[in-house]
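Working notes, structure below.
The values are calculated or read from the model by the stated rules, or taken from the named source; none is laboratory data. Keep in mind it's a predicted model, so treat the numbers as computed, not measured. Here the Cβ positions follow ideal geometry from the backbone for every residue, glycine too, while neighbour counts run over all protein chains shown. The protein model used for the area step is the full one, side chains on, heavy atoms only, and it has no ligands, DNA or RNA in it. Shrake-Rupley method; radii C 1.70, N 1.55, O 1.52, S 1.80 Å.
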Number of protein chains: 4
Amino acid sequence: MEAFSDGVIAIIITIMVLELRVPHEATLTALQPLVPVILSYVLSFIFLGIYWSNHHHLLHAVDHVNGRILWANLHLLFWLSLVPFVTAWMGENHFARVPVAIYGVVLLAASIAYYVLTRALIALHGRTSTLATAVGRDSKGQISTLIYLVAIPLALWKWWIAFGLYVLVAIMWLVPDRRIERTLTS
Amino acid sequence: MEAFSDGVIAIIITIMVLELRVPHEATLTALQPLVPVILSYVLSFIFLGIYWSNHHHLLHAVDHVNGRILWANLHLLFWLSLVPFVTAWMGENHFARVPVAIYGVVLLAASIAYYVLTRALIALHGRTSTLATAVGRDSKGQISTLIYLVAIPLALWKWWIAFGLYVLVAIMWLVPDRRIERTLTS
Amino acid sequence: MEAFSDGVIAIIITIMVLELRVPHEATLTALQPLVPVILSYVLSFIFLGIYWSNHHHLLHAVDHVNGRILWANLHLLFWLSLVPFVTAWMGENHFARVPVAIYGVVLLAASIAYYVLTRALIALHGRTSTLATAVGRDSKGQISTLIYLVAIPLALWKWWIAFGLYVLVAIMWLVPDRRIERTLTS
Amino acid sequence: MEAFSDGVIAIIITIMVLELRVPHEATLTALQPLVPVILSYVLSFIFLGIYWSNHHHLLHAVDHVNGRILWANLHLLFWLSLVPFVTAWMGENHFARVPVAIYGVVLLAASIAYYVLTRALIALHGRTSTLATAVGRDSKGQISTLIYLVAIPLALWKWWIAFGLYVLVAIMWLVPDRRIERTLTS
């Protein structure tokens, strides 16, 4: 299941670039309308990178699986598979309000799916398992979910508030990695 | 062969999303014509998930292979590789009768290919092997094949009867996983 | 190198289906112009399956590699990566003579690249290695190369003679697998 | 991380062929406008092959990772993921000056990202680790970066000077592999 999931996330992160349509003209100005597309691409690349990293570590701590976990995992992959679609829609429409909101809906669904997966894994492995302690303090996951819930309606008012909140979530996940790393190298 | 098959199914399940064409307008109504496409996508995602799960467990019990099994396996992957095509055709035509029937034909062919693969594996491993006992009571596979045979002509009359039957097959495969899981956790 | 090559061939065999353009109409007659595309797809699927199988067994016997082998391998993957392109071109033009000839050129180049790879591997492992004995009687590879050399000019005269010769090569590679299998099961 | 990276590079190298648009006519002259596209494809195939080979050997010497390395690696994969885009842009515009320069910018960014990754790895493993000695004499990496810095502005003057410099970098990386191989087989 780990190899399959890694493979699917690797494919999602890579085929996203196929939505970057090659411009017909060979000028820098022809690249200008692509700027929002590339920005969306960068954000989604980081989100998928975060999911790959967290998901990879989660499954590494997994000892055994059952049907429910298998489908909880496929459920998460389903929402991640929609990321290239909403990324392209948001980018090509230069961050119009509805696509920015729908982008948040997919992020929200993925964060809920991830939560469901962790609960199913803990239910199977027991509350005292190493997996449970590893997942345990998943406050960051719950804060992310809350931020998405706030960002989605705000996107319909001012797109950049929602977009800023998405970036905030990404930074929140990126920063602690650096803190851990400092501890490891010291 | 296991890694290759897992890889191919992971790619099929993921590239299917490339058939979800990004709408040019940034409104919710622009997403409306995509609803049948997304519904088809969800159904195919579940079917490919079922195949991945069953196929993965099947190959895990495999001890050794020969040329016939290799090609029986590629034959199954061939029919699964057509799933993105018939999914998009069915979705983009809003469940018109012919595409719904052809979708069933691909499911039927895949279910027969899976049956042929299991028979080739049992022929090689022997009727008393763990593989044979694992596959043994493959009544679900045969019921699925029968349902497809009934659904395909019905699709040409009322598309939603056939579609309902496809959903029924998917549910049939999903439900028992939960039952097994209850046993495992108890 | 084995995992990377398997991955690349798995991706090539699967993305080929993206060249099967979904027809806009929902009728069986709308599928009719796709018949040559699907036929080309089936033939290329079989060829890539043969390459995957042979290549996988070849690399399995490999003990160590060097830079030349790495690039001989990438050279083979390069020609295989062009298969989806020539397959689509041949299919969409209903087996016009030039695309059928160019399809043969890619098959020819791949068969030469495979030969070069086996020679580089034998040069490194020694003529008495298990790898050398495994490859040793590569008469089928050389006959294939010869048939392609004959088929390419013939394609420009009558496309179906060349196409028939390609099918002949595929059958030649498929049949012995069955013979080996009979020995194994007896 | 090794398997994920290998997977991503395998997908990038393969989906690049999807940018080779199938011509509508079935003549050799219809292939003529594709010549620059195919040339760009060959160059990028070689560059990605070099990155795969170097990256694969680098990660093989890695003992443990941390958050910074994980993201340094994703940063490199990000720039490599843009290769299919700039390859298609450069090829379809028949080596116009701006796309040739932007192609160099992506190669430059990837070479810097590779450098950052190696420094992060050495910082974690220590200057006396086998990894540090393996990377140690990375003069080729630094010369490549310098050549890109020179080539990018030159591309805006004469495209073929920049293109020639890119080819030079590729040859620089390919040739030593052959020298090593001669030592190994002697």
### Query
When Lys and Arg each count +1 and Asp and Glu each count -1, what net charge do the other residues less than 13 Å away from C:ILE38, Cβ to Cβ, add up to?
-1
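In deg cm²/dmol, rounded to 500, what helix-only [θ] at 222 nm does chain D give when every DSSP H run of at least 4 residues adds -39500 (n - 2.57) and the total is split over its residues? Working shown, then result.
Details: 8 runs with 145 residues, N = 186.
Only helices count here, giving -26500 deg cm²/dmol.
Taking the Cα centre of chain A as origin, sum charge times position over the Cβ atoms of Lys and Arg (+1) and Asp and Glu (-1), and report the length of that vector in debye to the nearest 20. Walk me through the numbers on the way to the answer.
Values: 11 positive and 9 negative charges, 114 e Å.
In debye, rounded to 20, chain A gives about 540.
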### Task
Sticking to Cα atoms, compute the Rg of chain A to one decimal and its Dmax as the biggest Cα-Cα distance, whole number, in Å.
17.7, 60
### Query
Highest GNM mean-square fluctuation, chain A, Cα pairs closer than 10 Å: which of A:THR145, A:THR29, A:THR87?
A:THR29
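Other chains' Cβ within 10 Å of D:122-128 residues: what's the mean?
On the way: counts 0, 2, 3, 0, 1, 0, 0.
Other-chain Cβ atoms within 10 Å of each residue's Cβ, averaged: 1.
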### Query
Given a cut-off of under 8 Å on Cα pairs at least six residues apart, what relative contact order in percent is computed for chain C?
24
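Pairwise over distinct Cα atoms, reciprocal of the mean inverse distance: report the Kirkwood radius of region C:63-107 in Å, one decimal place.
Numbers: mean 1/r = 0.0851 Å⁻¹.
After inverting the pairwise mean of 1/r, the radius is 11.7 Å.
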### Query
Given H placed on each backbone N at 1.01 Å, which residues far from B:HIS94 in sequence or on other chains put an amide H within less than 5 Å of it?
none
#### Entry: Dipole magnitude of the protein assembly as shown, debye to nearest 20 (Cβ charges: Lys/Arg +1, Asp/Glu -1, about Cα centre)
480
## Note on the structure
Inter-copy distances for D:ALA61, label 7 Å out on the Cα-Cβ vector, sorted ascending, nm, one decimal, are 3.3, 3.3, 4.7
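Helices from chain A with mean Kyte-Doolittle at least 0.0 and a Cα length along the axis of 15 Å or more, per DSSP H: which?
Details: long enough: A:2-15 (20 Å, 1.73); A:35-60 (37 Å, 1.02); A:67-81 (21 Å, 0.93); A:97-125 (42 Å, 1.54); A:139-155 (24 Å, 1.16); A:159-185 (40 Å, 0.80).
Those that pass (Cα extent of 15 Å or more, hydropathy at least 0.0) are A:2-15, A:35-60, A:67-81, A:97-125, A:139-155, A:159-185.
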### Task
Would you please give the residues with an amide H less than 5 Å from that of A:ASP138, counting only those at least 5 places away or on a separate chain, with H modeled from the backbone geometry?
none
### Summary
With every protein chain kept in place and a 1.4 Å probe, the protein assembly as shown has an accessible area per residue in Å² of 43
### Message
Using a 1.4 Å probe and counting only protein heavy atoms, how much accessible surface gets buried when B and C come together, both sides summed, in Å² to the nearest 100?
### Response
2800
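Using 1/(1 + (r/R0)^6) with R0 = 41 angstrom and r between the beta carbons of A:ALA123 and B:HIS60, what's the FRET efficiency to the nearest 0.05? Before the final figure, lay out each step's value.
Details: r = 24 Å, r/R0 = 0.58.
Efficiency computed from Cβ-Cβ geometry: 0.95.
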### Query
Sorted from shortest, what are the nm distances separating the label point of B:HIS24 from equivalent points in the other copies, each placed 7 Å from Cα along Cα to C-beta?
1.3, 1.3, 1.8
### Pseudo-label separations to other copies for C:PRO36 - Cα-to-Cβ vector, 7 Å, nm
3.0, 3.0, 4.3
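Could you give the alpha-carbon Rg of region A:1-70 over 2.2 N^0.38 Å, rounded to two decimals? The partial results should precede the final answer.
Values: Rg = 17.1 Å, N = 70, 2.2 N^0.38 = 11.1 Å.
Rg over 2.2 N^0.38 Å, computed on Cα atoms: 1.54.
In the P(r) worked out for region C:32-125, what percent of Cα pairs fall beyond 17 Å?
On the way: 2281 of 4371 pairs.
Value for region C:32-125 (Cα pairs over 17 Å): 52 percent.
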### Task
Sum up the charges of everything whose Cβ sits under 11 Å from the Cβ of D:HIS56, counting Lys and Arg as +1 and Asp and Glu as -1, but leave D:HIS56 out.
-2
### Task
Return the carbon/sulfur percentage of the accessible area of region D:51-186, one whole number, probe 1.4 Å, all protein chains in place.
65
### Task
Mind telling me which of A:ALA113, A:ALA26, A:ALA162 comes out most flexible in a GNM of chain A, alpha-carbon contacts under 10 Å?
A:ALA26
### Task
Return an integer: the convex hull volume of the alpha-carbon atoms of the protein assembly as shown, in Å³ per residue.
173
#### Entry: Extension reserve of the A:ALA134-A:VAL175 stretch, reckoned as 0.36 nm per residue once the Cα distance is removed
12.9 nm
